[in-house]
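Enquirer: Next up is a structure, given as structure tokens.
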Amino acid sequence: MKIKIMLLICSLLLGCTTNDKVLRIRSLKSPTDPSANPSSTYYNKGDIIGLNALTSNAKNTNIVLVHGMGWTQEQSNKRFGDDLVNAILYEYKGSEKIKDEECPTSTIDKAPTSNSGLIIHSLKHNLLSTDDPQLSLDPYKLGCLEKTVIKLRQDKTITIYKFLWDDTMWNYIEWEQIGYDDALPSRTIGYDDPNKLRAKYNGELKNSIVTYGFTDAAMYMSPAGQALREGVEASLCIALSNSYESYKNQANSSEACSKQPNTKSPLLLVSHSLGSRIIFDTLKTDLSDRLAKQIENGTSNNTIEIHMLANQLPLLGIGRMGAKRSENIISGKEVNIIAYSEINDLLTFELVPYFEQMCYSRQGCNKKYSNNDPLYKQMQKNLGFDVVDVRLQFAPNLIKPYSGFKDPKIAHTGYLMSRSVLDIFFCGAKDGKSNGHNGKCITK
């Protein structure tokens, strides 16, 4: 634990990751000339509000986190969201945790043991067929919601809600089909264990990247993905209505979204990897009327930012082709995407060129990025939100003397250990330039 704290302090104070810097900030609302030098400040356009601006005049600020692929609730791992919680505690001097509800964790040999956290389930039962004609699976259990409250000075608070779906989907959907290829629990009867036959690192890669990784993405592309969106929607409703304590460890999604907010607080969303697609679909592709109204009635900020770390919108967007698009909108609010992408992260995508590419593909936009291009402006209007790409570099060399291969794990999971990311997350950005520098917000 001491080592983790020292690493966090080292990262926050000194930026221990190699060449931790912002390469570019670019907004979809600020088309630029592609002939310009990409390293020039001409490309740097786009505004980001950041957390500090939200907390400055609010008694409480809500943050909702959604994780991505991987065994997030594995007992030996650090808790999901710890990096963010520790960064907030460090950023706001004199702050302290006054509440910390933790969802169950699990191991290969032991089922979840904790009874804390809020288990969310659905009242709907939707049996999903499998390759075995006699086996159908029901993803009615949606996940678990954690709540952490940080008290700031002047009696202000930041309330962090973390929606964890990992164990639920593995236990009730994924294990039933591919659990045989997992590292099996000891004394398991009736199963061969191919994982024991693999070379050490091949086995670790197979488990971390495929069994616990790509399986999650494949599962989300199936009808089971609706269960994850329902869980995120319920988590948002609980956060907006401040109703977490009204439940006794169990809540159904319908009841959660029937409770109306009685106060308004700023809302900020944070997602990682696959979680970014889940949040995007919940708030855009599959936005329900009831969630739209909850956000309208429960948020005080007119611009709601989704800070996406290592997003996979384009990759998983291909899997969602043909999905019916919701016509619901969040009235009076602008929902903006802040997409942080480490340039060497194998599993992230910049989003401004993603939406531009689709506009070019239907021959709807001028490739010269003209500020006066009416079709480009229509594309922005049709999307209904702004996108700001934050291109970063913070991953160190995997082999110290060789700069041709950056550490892929840090590139994908190290965002909240990057000083450049935290400067923007807390302080925001103006005209394509970070408002933060080495942990201090610059007054504009």
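The values are calculated or read from the model by the stated rules, or taken from the named source; none is laboratory data. Note that the structure is a prediction, hence the values are computed from the model and not measured. For neighbour counting, all protein chains shown are included, and Cβ atoms are generated from backbone atoms with ideal geometry for every residue, glycine included. All accessible areas refer to the heavy atoms of the entire protein, side chains included, with ligands and DNA or RNA removed. Shrake-Rupley method; radii C 1.70, N 1.55, O 1.52, S 1.80 Å.
Enquirer: So which aspartates and glutamates can Lys78 reach, going by Cα to Cα under 16 Å and dropping same-chain residues fewer than 8 places off?
Expert: Asp100, Glu101, Glu102, Glu146, Asp166, Asp167
Enquirer: Can you work out ³J(HN,Hα) from phi for every residue in the range 323-340, in order, using Karplus 6.51 cos²θ - 1.76 cosθ + 1.60 and θ = phi - 60°, giving whole Hz and x for Gly and Pro?
Expert: 5, 5, 8, 5, 9, 6, 9, 9, 5, x, 10, 10, 9, 10, 9, 10, 9, 8
Enquirer: Explain nothing, just compute: Karplus ³J(HN,Hα) = 6.51 cos²θ - 1.76 cosθ + 1.60, θ = phi - 60°, for every residue of the range 118-127 in order, whole Hz, x for Gly and Pro.
Expert: With the stated coefficients, the range 118-127 comes to 10, 6, 10, 9, 9, 7, 8, 10, 10, 6 Hz.
Enquirer: When DSSP assigns beta bridges and you keep just the ones with both residues in the chain, what percent turn out antiparallel, to the nearest 5? Don't skip to the end; give the middle numbers.
Expert: On the way: 32 of 67 bridges.
Given both bridge residues lie in the chain, the antiparallel proportion sits at roughly 50 percent.
Enquirer: Run the 1.4 Å probe and let me know the accessible area of Tyr180, rounded to the nearest 10 Å².
Expert: About 120 Å², ignoring ligands and nucleic acids.
Enquirer: What does the helix-only formula give at 222 nm for the chain: each DSSP H stretch with n ≥ 4 adding -39500 (n - 2.57), the total divided by the residues, and the result rounded to the nearest 500 deg cm²/dmol?
Expert: On the way: 16 runs with 129 residues, N = 444.
Rounded to the nearest 500, the figure is -8000 deg cm²/dmol.
Enquirer: When DSSP assigns beta bridges and you keep just the ones with both residues in the range 303-444, what percent turn out antiparallel, to the nearest 5? Can you show the working numbers first?
Expert: Values: 6 of 19 bridges.
Counting DSSP beta bridges with both partners in the range 303-444, the antiparallel share is about 30 percent.
Enquirer: With a point put 7 Å past each Cα toward its Cβ, work out how far Leu128 is from Arg153 in nm, to one decimal.
Expert: About 4.9 nm separates the two model spin labels.
Enquirer: Quick one: check the C-alpha center-to-center distance for the range 177-248 versus the range 352-406, whole angstrom.
Expert: So the two Cα centres are separated by 31 Å.
Enquirer: Between Asn435 and residues 5 or more places away or on another chain, which pairs have amide H atoms under 5 Å apart, with H built 1.01 Å from N, and which residues are they?
Expert: Gly428, Ala429, Lys430
Enquirer: Shifting gears a bit: List nothing, just return the count: lysine pairs in the range 304-416, 8 or more apart or interchain, with Cα separation under 28 Å.
Expert: 10
Enquirer: For Arg153, Arg24, give me the order by solvent-accessible area with a 1.4 Å probe, most accessible first, ignoring ligands, DNA and RNA. Don't skip to the answer; put the middle values down first.
Expert: Numbers: Arg153 160, Arg24 25 Å².
Largest accessible area first, the residues go Arg153, Arg24.
Enquirer: Mind grabbing the accessible area of Lys430 for me, 1.4 Å probe, Å², rounded to tens?
Expert: 100
Enquirer: When the chain is fully extended, how far beyond the present Cα-Cα distance does Ile343 get from Ser208, taking 0.36 nm per residue of separation? Kindly include the intermediate steps, with their values, before the conclusion.
Expert: On the way: separation 135, 0.36 × 135 = 48.60 nm, distance 2.18 nm.
Taking Ile343 through Ser208 to full extension adds about 46.4 nm, to one decimal.
Enquirer: Ok, one more. Work out the count of Lys pairs in the range 191-304 where the Cα-Cα distance is under 16 Å, with the pair 8 or more places apart or on different chains. Spell out each step's value before the answer.
Expert: Details: Lys196/Lys206; Lys248/Lys259; Lys259/Lys293; Lys264/Lys293; Lys284/Lys293.
Lysine pairs meeting the criterion: 5.
Enquirer: Ranked from the most accessible area to the least, with a 1.4 Å probe and all protein chains present, what is the order of His307, His272? All intermediate terms of the calculation are to be shown ahead of the outcome.
Expert: Details: His307 0, His272 40 Å².
Heavy-atom accessible area, descending, gives His272, His307.
Enquirer: In nm, give the distance between the simple-model label positions of Leu398 and Glu245, each being 7 Å from the Cα along the Cα-to-Cβ direction.
Expert: 4.9
Enquirer: Quantify, in whole percent, the carbon and sulfur part of the accessible surface of the range 368-418 (1.4 Å probe; protein heavy atoms only).
Expert: Working: 1570 of 2750 Å².
It is 57 percent, rounded to a whole number.
Enquirer: If I model a spin label as a point 7 Å beyond the Cα along the Cα-Cβ vector, how far apart are those points for Arg198 and Ile318 in nm?
Expert: Inter-label distance under the simple model: 2.3 nm.
Enquirer: For the chain, report the accessible area per residue in Å² (1.4 Å probe, heavy atoms, rounded to an integer).
Expert: 48
Enquirer: Out of the total accessible area of the range 78-180 (probe 1.4 Å, heavy atoms of protein only), what percent is carbon and sulfur? Intermediate values should be presented prior to the final figure.
Expert: Working: 2390 of 5080 Å².
So the carbon and sulfur contribution to the accessible surface is 47 percent.
Enquirer: Explain nothing, just the number: relative contact order of the chain, from Cα pairs under 8 Å at least 6 residues apart, as a whole percent.
Expert: Values: 875 pairs, mean separation 104.4, N = 444.
Averaging sequence separation for qualifying contacts and normalising by length gives 24 percent for the chain.
Enquirer: What order do Tyr244, Tyr201, Tyr360, Tyr191 take when sorted by accessible area (1.4 Å probe), most exposed first? Please report the intermediate quantities before stating the final value.
Expert: On the way: Tyr244 15, Tyr201 150, Tyr360 40, Tyr191 120 Å².
Descending order: Tyr201, Tyr191, Tyr360, Tyr244.
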